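Below is one structure, written out as structure tokens; the observations come after it.
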Amino acid sequence: MRKVVFLNSPKLWQGGFGPNHPLKQERLQRTYDLLHELGAFEASNVRVIDPIPPSYEELALFHTREYLDVVQSLSKGEIHIPASRYGFGPGDNPVFSGMFESAGLKVGCTLLGAKLLVNRDCEVAFSYSGGLHHAGPNFASGFCIFNDAAIAIHWLMNQGLRVAYVDIDVHHADGVQNAFYDTDRVLTISLHQSGRTIFPGTGFIDEIGVGEGEGYSVNVPLPPYTDDEIYLWAFDQIVPPLVERFEPDILVTQLGVDTHYLDPLASLVLTTHGHKTIFEKFSHLSSCWLALGGGGYDIDVVPRAWTLAFAIMSEQSFPTKLPPQYQAKYGGEWLEDQQAPQIDERVQALTKKRVEEVVGHVKERHGLS
């Protein structure tokens, strides 16, 4: 059985943007509690490891020092700084006390996972609090203060490694794509709801990279109402052949589950059965896998979906019903969805046709036809 590391600290779900913000830190606590109550961490091939806060120099692998200073100052409550210039303010990215340390610890999880993989201390590392893929070098964006994926990939590149990054969050992985848009040492693939209908309004087929990076940025923008069957077909057409052709040293995945049909911020209609199949496909793509969390705003869905992901990573089987203690504390009954969305047949047929057109164009752009 392969060696698996789960990066965790109770500090990960302390603080945050506040109770009325869509990104609720409680989803992390629920995920940990569910895995703990299922006995997932008792397996002989699993280790739970506390993250190490990143150094300033590690954060500066991607972010500007000016931005780091600003986040640190805002985090301490300094009010003279023009926060909006750096993406902070009411709405997506409100300032909160201790945010430098809170966001930094999530980076620490992802970086430590990368280091453990490179040192061959494990074969899979799950930084479930990471996957904050929108932040830019000098600004916060889309609930993301630091871009842990970009930082870790820069660190991996400095070790001489080739990295394939595959992002299944419902939102385009704009921050990670932009970070490596001009290099052929990182392949970025993002499957997401089309930017014509959702934040951040990017991620179109013709965004393929520039210079040496031309052809190494891949985008699969999907229409609303894309379901399990259509999504999985598109995934199979694009992701395995491109990753296998690239021959990465390490696979980094962002496992956002805001593609779920119950998610309040998006319009794709996957179920946990679809998510589980995607996780299984990732499991077979590389023997060196750094898995990150990501989006997911239905607080009942996220813990269940990421528990299914960890079951695949660690080669464990869990009962179909949620543990009694978990049910008593958080509600719910089943680990996997017992219902699926009902979609009009005409809508489904139209969506399938549009996805086939998108996939055809992507394959043509990237030499898969």
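Among the residues making up the stretch 326-360, those that are surrounded by fewer than 16 Cβ atoms within 10 Å (Cβ to Cβ), in contact (Cβ under 8 Å) with a residue 12 or more places away in the chain and under 21 Å from Gln193 (Cα atoms) are Ala340, Pro341, Ile343, Val347. Checked against (1) touching a residue at least 60 places away in the same chain (Cβ under 8 Å); (2) surrounded by fewer than 24 Cβ atoms within 10 Å (Cβ to Cβ), Ile278 meets all criteria but (2). Against the numbered list (1) farther than 19 Å from Lys24 by Cα; (2) surrounded by 18 or more Cβ atoms within 10 Å (Cβ to Cβ); (3) among the basic types (Lys, Arg), Lys115 comes up short only at (2). Looking only at residues of the stretch 164-189 that are small (Gly, Ala, Ser) and closer than 15 Å to Ser141 by Cβ, we find that the one that is surrounded by the fewest Cβ atoms within 10 Å (Cβ to Cβ) is Gly175. The set of residues from the stretch 199-214 being free of Cβ contacts under 8 Å to residues at least 40 places away in the same chain and either over 15 Å from His361 (Cβ atoms) or part of a helix (DSSP H, G or I) (or both) comprises Gly201, Thr202, Gly209, Val210, Gly211, Glu212, Gly213, Glu214.
Scanning the stretch 93-115 for residues that are outside any loop (DSSP other than H, G, I, E, B), touching a residue at least 60 places away in the same chain (Cβ under 8 Å) and closer than 24 Å to Leu265 by Cα yields Met99, Ser102, Lys106.
Residues in the stretch 116-150 that are within 22 Å of Val48 (Cα to Cα) and touching a residue at least 24 places away in the same chain (Cβ under 8 Å): 17 in all. Within the stretch 241-249, not a single residue is hydrophobic (A, V, I, L, M, F, W, C) and either touching a helix residue (DSSP H, G or I) at 6+ places or on another chain (Cβ under 7 Å) or at pLDDT below 95 (or both). Considering the stretch 39-55, the residues that are within 23 Å of the chain's Cα centre (by Cα) and not in a strand (DSSP E or B) include one that is surrounded by the most Cβ atoms within 10 Å (Cβ to Cβ), namely Pro54.
Whenever a residue of the stretch 281-304 is surrounded by 24 or more Cβ atoms within 10 Å (Cβ to Cβ), its partners that are charged (D, E, K, R), lying with C-beta atoms within less than 6 angstrom and at least six residues away or across chains, give the pairs Gly294/Asp169; Gly295/Asp169; Gly295/Asp258; Gly296/Asp258; Val302/Arg27; Pro303/Arg30.
For the stretch 168-198, which residues satisfy the criterion of being part of a loop (DSSP other than H, G, I, E, B) and closer than 25 Å to Ala349 by Cα? Answer for the stretch 168-198, where residues must be part of a loop (DSSP other than H, G, I, E, B) and closer than 25 Å to Ala349 by Cα: Ile168, Asp169, Val170, His171, His172, Ser194, Gly195, Arg196, Thr197, Ile198. With respect to the stated conditions, Pro90 fails to be surrounded by 13 or more Cβ atoms within 10 Å (Cβ to Cβ) and part of a loop (DSSP other than H, G, I, E, B). Each residue in the stretch 1-29 was checked for being of a type outside the set (D, E, K, R) and not in a loop (DSSP other than H, G, I, E, B), and 9 pass.
The values are calculated or read from the model by the stated rules, or taken from the named source; none is laboratory data. Computed from a predicted structure; not experimentally measured. All Cβ positions, glycine included, derive from the backbone under ideal geometry; neighbour counts span all protein chains shown.
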